[in-house]
Amino acid sequence: MLFLVQKGFRVIAHDRRGHGRSDQPAQGNNMDTYADDLAALLEALDIKGATLVGHSTGGGEVAHYIGRHGTKRVAKAVLIGAVPPIMLKTAANPNGLPMEVFDGIRKGVAENRSQFYKDLTTPFFGFNRPGAKVSQGTIDAFWAQGMTGSLLGQYACIKEFSEVDYTGDLKKITVPTLILHGDDDQIVPIDNSARLSAKIVKNATLKVYPGASHGMCVINADQVNADLLAFLNA
């Protein structure tokens, strides 16, 4: 955000309900409402010609927003390490991840989310790979952001990023779309996500970051910034 502001862009971030600094309601912790919340924000600020950028579950939000609300306020879209089309293994998605993976996440969040988030930083940022430069500051920031949110909201969100099928939403994306993904993403494997999404979105460009983790926006910030800037200016 700082980089793009310094390049003259207006940059707006919203924290998903139940996450970050947003309110923590017991209701509406689902992808339909996430998309409607984003629509309410864009309408309240009367944003037009926006480039929507979503990382991980946020990529699902971007896709679902367009699927539900169209592109009248959207000029471009960017999906970074994003979960679409669907993470869960199903009959229609035989190469997806088994439900046991997401049940394990639920168990970790419910029993001791503080420890779970600290442990999650290792695969999230690829700190378990040879030669990785482990940053305690990055670990601390990730943990702090996680602990700021609602336990209930975060628990409910696990279903939304794993079981929601965004295929129909992806088919409705008609604006230029940039898909960035690391080929060593241990959280959202590229073969189950970006490579499939790039085939579904009509006007998509897939850029693969060799060796990059799910935390590419932090670890590969300079490259992500450069790619975002080039796409915005294209």
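The number of residues in region 169-186 that are of a type in the set (Val, Ile, Thr), crowded, with 19+ Cβ neighbours inside 10 Å and either more than 20 Å from LEU232 (Cα to Cα) or out of contact with any helix residue (DSSP H, G or I) (no Cβ under 7 Å at 6 or more places or on another chain) (or both) comes to 1. For the residues VAL101, VAL134, the requirement of being in a helix (DSSP H, G or I), surrounded by fewer than 19 Cβ atoms within 10 Å (Cβ to Cβ), of a type in the set (A, V, I, L, M) and touching a Ser or Thr at 6+ places or on another chain (Cβ under 9 Å) singles out VAL101. The set of residues in region 2-19 being exposed (fewer than 15 other Cβ atoms within 10 Å of the Cβ) and over 18 Å from VAL74 (Cα atoms) consists of LEU2, VAL5, GLN6, LYS7, GLY8, ASP15. Have a look at ASN112, ASN93 and point out the one that is of a type in the set (S, T, N, Q), surrounded by fewer than 21 Cβ atoms within 10 Å (Cβ to Cβ) and either closer than 18 Å to PRO189 by Cβ or in contact (Cβ under 8 Å) with a residue 60 or more places away in the chain (or both). It is ASN93. Checking GLY215, GLY153 one by one, the residue that is in contact (Cβ under 8 Å) with a residue 24 or more places away in the chain, crowded, with 19+ Cβ neighbours inside 10 Å and in contact with a helix residue (DSSP H, G or I) (Cβ under 8 Å, 6 or more places away or on another chain) is GLY215 and no other.
Yes or no: region 33-49 includes at least one residue that is of a type in the set (S, T, N, Q), farther than 17 Å from ILE173 by Cβ, in a loop (DSSP other than H, G, I, E, B) and modelled with pLDDT of 95 or more. Within region 33-49, none of the residues are of a type in the set (S, T, N, Q), farther than 17 Å from ILE173 by Cβ, in a loop (DSSP other than H, G, I, E, B) and modelled with pLDDT of 95 or more.
Quick grid of which residues meet (1) touching a Phe, Trp or Tyr at 6+ places or on another chain (Cβ under 6 Å); (2) surrounded by 24 or more Cβ atoms within 10 Å (Cβ to Cβ); (3) closer than 22 Å to ALA212 by Cα; (4) touching a residue at least 12 places away in the same chain (Cβ under 8 Å):
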residue: ALA40; (1), (2), (3), (4): no, no, no, no
residue: ALA44; (1), (2), (3), (4): no, no, no, no
residue: ALA50; (1), (2), (3), (4): no, no, no, yes
residue: HIS55; (1), (2), (3), (4): no, no, yes, yes
residue: GLY59; (1), (2), (3), (4): no, yes, yes, yes
residue: THR71; (1), (2), (3), (4): no, no, no, yes
residue: ILE80; (1), (2), (3), (4): no, yes, yes, yes
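Inclusion of PHE161 among residues that are in a helix (DSSP H, G or I) and either of a type in the set (A, V, I, L, M, F, W, C) or closer than 25 Å to GLN223 by Cβ (or both) is warranted.
Rundown of residues vs (1) in contact with a Gly (Cβ under 8 Å, 6 or more places away or on another chain); (2) under 21 Å from ALA156 (Cα atoms), yes/no style:
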{"residue": "HIS14", "(1), (2)": "no, yes"}
{"residue": "ARG17", "(1), (2)": "yes, yes"}
{"residue": "GLY70", "(1), (2)": "no, no"}
{"residue": "PRO84", "(1), (2)": "yes, yes"}
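The values are calculated or read from the model by the stated rules, or taken from the named source; none is laboratory data. Note that the coordinates shown come from a computational prediction; the quantities given were computed from them, not determined experimentally. FYI the Cβ positions are ideal-geometry reconstructions off the backbone, even for glycines, and counts take in every protein chain you see.
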